[in-house]
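Please read the structure below before turning to the comments.
The values are calculated or read from the model by the stated rules, or taken from the named source; none is laboratory data. Note that the coordinates shown come from a computational prediction; the quantities given were computed from them, not determined experimentally. For neighbour counting, all protein chains shown are included, and Cβ atoms are generated from backbone atoms with ideal geometry for every residue, glycine included.
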Amino acid sequence: MSPAINPQSPLILTLRLDSASHQLLTSLRSKYFPPHRNFLTAHVTLFHAIPSHRYPELDSYLNNLVEKHREKGGWDVFLGEPEPMGNRGVYLRLRERPSNTTENLRSQLLHDLKKGIKEEKDKLTNQDLQTMKRPHVTVLNKARDEEEVEKCLKEVKEVFEKMGEKGQHVGRATGFELWEYLGGPWKHVKAYSFGGPAAEDQDKE
């Protein structure tokens, strides 16, 4: 019998990617992200701070969502051209087929979570209440200067140009990952899988 899940700190929800995509993105993050700030592997954040006591409700929503998408086993994602994040960072935008799949699923989750607000303690942060516009993976943040940003942009662009496939990496969205925020590091809470070959390979690891 699995131990009961009882998170005590805010919950973070991320999109789960296939293993090859996750390894590629984590290798880039590890190379460019400031080491003293890099507690995490690469991730696509959907929600940043869901109140921990809402876990049972969130778990139900996520189980329903993955069940609805299990037949298709996720969807294709495309990563390539790096973009500057102000003058202090670099990110990779996640493009998808079908387009806007991540944004649409997040919008559905946000709708459900807003309906579940009964008291002050149930409320979401202003950041999580916003509409998601650009699912992305951060490669560099809090850079020392613009020169460091330019170097990262140039080198990451070269990585993808060598891949073929029109200078992009083709991967797969395979589910969701739920995490507990521990003031820097994250603690893994639960994975939710859409099924399909890419997710099955992950589950074997």
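Only one entry of Leu109, Leu129, Leu94, Leu124 meets the criterion of being within 30 Å of Glu57 (Cα to Cα), of a type in the set (A, V, I, L, M) and out of contact with any strand residue (DSSP E or B) (no Cβ under 9 Å at 6 or more places or on another chain), and that entry is Leu129.
Scanning region 19-27 finds one or more residues that are under 20 Å from Tyr181 (Cα atoms), polar (S, T, N, Q) and out of contact with any Pro (no Cβ under 6 Å at 6 or more places or on another chain).
Taken over region 23-48, the criterion of being closer than 22 Å to Glu158 by Cβ, in a helix (DSSP H, G or I) and either among the hydroxyl-bearing types (Ser, Thr, Tyr) or touching a residue at least 60 places away in the same chain (Cβ under 8 Å) (or both) is satisfied by Leu24, Leu25, Thr26, Ser27, Leu28, Arg29, Ser30, Tyr32.
Identify the residue in region 27-83 that is over 25 Å from Met163 (Cα atoms) and of a type in the set (Phe, Trp, Tyr) and, among all such residues, is nearest to the chain's Cα centre (by Cα). Selected residue: Phe47. When we screen Leu92, Leu79 for residues that are buried (at least 17 other Cβ atoms within 10 Å of the Cβ), under 20 Å from Ala42 (Cα atoms) and at pLDDT below 95, the only hit is Leu79. Scanning region 99-149 for residues that are assigned to a loop (DSSP other than H, G, I, E, B), surrounded by 14 or more Cβ atoms within 10 Å (Cβ to Cβ) and either acidic (Asp, Glu) or touching a Cys at 6+ places or on another chain (Cβ under 8 Å) (or both) returns a single hit, Ala143. With a requirement of 1 or more residues that are within 23 Å of His169 (Cα to Cα) and among the basic types (Lys, Arg), the strands (runs of 3 or more DSSP E) lying completely within region 58-97 that satisfy it span 89-93, 95-97.
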